[in-house]
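Enquirer: Once you've had a glance at the structure underneath, I'll fire off some questions.
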Amino acid sequence: MASFQAINGSSVSTAIGPYDVNVRVQNFSGSSATLIGWIDWNNDGIFSALGEARQILVPDGSNGIFTLHWGNPTITGSARTGTYARFRLAQFGQINANTPANNNPSFNASPLTGEVEDYYIPFTVILPVTLIEFTATKASGQQKTDLYWQTSSEQNSKNFIIERSIDDNTWSDIGNVAAAGNSSSSHSYSYTDNKPVTGINYYRLRQTDINGKTSYSDTRLINFGSNAKTAVLPNPVKDRLYITNVPANTQLRLLGTDGTMLLQRPALQGSESLDMSGYAHGFYILQYGIGQRESGLAASG
Ligand SMILES: [Ca+2]
């Protein structure tokens with residue numbers, strides 16, 4: 001049983017500094033044992049003795065943590081998301097650094113005692129940018145969106161790509177802003193979308209570092225509907241019900257007061273209507289829009 005220090009995946013091909021692995025070991029075999037650990041630092045699929053193996057003597061009667069120490073290993077290989085580790089424990093003299101696998105004939109590779117454990121160590125990814133603020137606001141009196149964001153630190157950051165969507169699902173790049181690069185101080189950025197769509201606009205930032213890694217900001221929403229307020233009228237309704245200023249990608253649902261779904265369909269953006277003449281006299285619930293807005297509805301049809 002071993003625990004692992006995090007390995008920063010954005011530092012592939014560079015030295016990662018001192019690396020220790022703590023392995024919990026019991027040895028009540030009556031003789032001393034050897035603990036050997038291998039980590040495939042160079043990503044060739046081989047646990048090699050040279051540079052990748054560390055070993056430690058485990059006296060008889062041991063029950064605790066033994067630390068294997070790598071001084072300053074370098075992880076190499078591109079597009080890796082992690083690496084592999086193996087640990088073997090056997091009676092002293094039955095394994096050595098050249099025997100990571102059972103089938104290695106160069107040593108007593110199939111020891112009569114002990115055990116072997118394999119691990120995958122996923123790399124952690126350090127985000128290029130720490131975003132502390134991201135806002136979207138309407139420019140006063142104009143159909144334009146002002147985006148503003150602030151970072152507290154940046155590591156190898158390249159740029160911010162501004163993405164926009166009308167449905168929070170399909171996104172388009174609408175612009176980009178160069179980033180500070182490396183900084184431990186706060187930086188502010190802004191971007192104006194001069195052509196937002198009428199209706200709902202979602203915005204997010206795609207932060208890119210110089211190695212091509214990306215991360216996304218939270219999403220912000222701005223509504224440039226002709227009147228951001230959706231209205232349902234007339235109420236009570238006899239035949240045709242009108243719903244105004246319907247945002248994009250709205251689902252309409254008509255329910256009975258007992259929750260029975262009577263109608264469900266996507267609404268047209270902007271303006272919608274429902275023929276209520278076929279519904280019995282009584283009360284209904286109309287659900288629409290983002291966040292399940294509801295109107296109580298009386299039908300006299
Ligand atoms: Ca290797």
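Enquirer: Working out 0.36 nm times the residue gap between Gln5 and Ser215, then minus their Cα-Cα distance, what length gain in nm do you get to one decimal?
Expert: 73.3 nm
Enquirer: Whole number please: convex hull volume per residue of the Cα set in the chain, in Å³?
Expert: Values: hull volume 61.9 nm³, N = 301.
Dividing the Cα hull volume of the chain by its residues yields 206 Å³.
Enquirer: Under 19 Å Cα-Cα from Lys195, which aspartates and glutamates qualify once same-chain neighbours fewer than 8 residues away are excluded?
Expert: Answer for Lys195, where 19 Å is the Cα cut-off: Asp146, Glu163, Asp167, Asp168, Asp173, listed by chain and number.
Enquirer: Within straight cross-link reach of Lys213, meaning Cα distance under 25 Å, which lysines are found once same-chain residues fewer than 8 apart are removed?
Expert: Correct list for Lys213: Lys158.
Enquirer: From the backbone phi of segment 144-159, what are the Karplus-calculated ³J(HN,Hα) couplings (6.51 cos²θ - 1.76 cosθ + 1.60, θ = phi - 60°) in whole Hz, Gly and Pro given as x?
Expert: So the J values, rounded to whole Hz, are 9, 10, 9, 9, 9, 8, 9, 10, 9, 7, 9, 10, 6, 6, 9, 7.
Enquirer: A follow-up question, please. May I ask you to list the residues of segment 187-227 whose amide nitrogen lies under 15 Å from a point 7 Å from Cα along the Cα→beta-carbon direction of Thr81?
Expert: Under cut-off, by backbone N: 213-214.
Enquirer: For Lys238, list the lysines whose Cα falls under 26 Å from its own Cα; do not include residues on the same chain fewer than 8 positions away.
Expert: Lys229
Enquirer: About its Cα centre, what dipole magnitude does segment 129-223 give when the only charges are +1 on Lys and Arg Cβ and -1 on Asp and Glu Cβ, stated in debye to the nearest 20?
Expert: Details: 9 positive and 10 negative charges, 30 e Å.
About 140 debye.
Enquirer: May I pose another question? Starting from the Cα of Asn63, move 7 Å in the Cα-to-Cβ direction to define the label point; list residues of segment 30-45 whose amide nitrogen is under 15 Å from there.
Expert: 30
Enquirer: May I pose another question? Measuring from label point to label point, each 7 Å out along Cα→Cβ, what is the Gln143 to Arg240 span in nm?
Expert: Label at Gln143, label at Arg240, 2.5 nm between them.
Enquirer: Here is a follow-up. Across segment 249-259, in residue order, what do the Karplus-derived ³J(HN,Hα) couplings come to in whole Hz, using 6.51 cos²θ - 1.76 cosθ + 1.60 with θ = phi - 60° and x for Gly and Pro?
Expert: Values, residue by residue: 6, 9, 9, 9, 9, 10, 10, x, 5, 8, x Hz.
Enquirer: To continue, here is another question. Suppose each label sits 7 Å from its Cα in the direction of the beta carbon; what would the Asp20-Asn43 distance come out to in nanometres?
Expert: The answer from the label model is 2.8 nm.
Values in this text are rule-based calculations from the coordinates and carry no lab data. In this text the structure is predicted, and so the values were computed from the model without any measurement. Ideal geometry is used to build each Cβ from the backbone, glycine not excepted, and the neighbour counts take in all protein chains shown.
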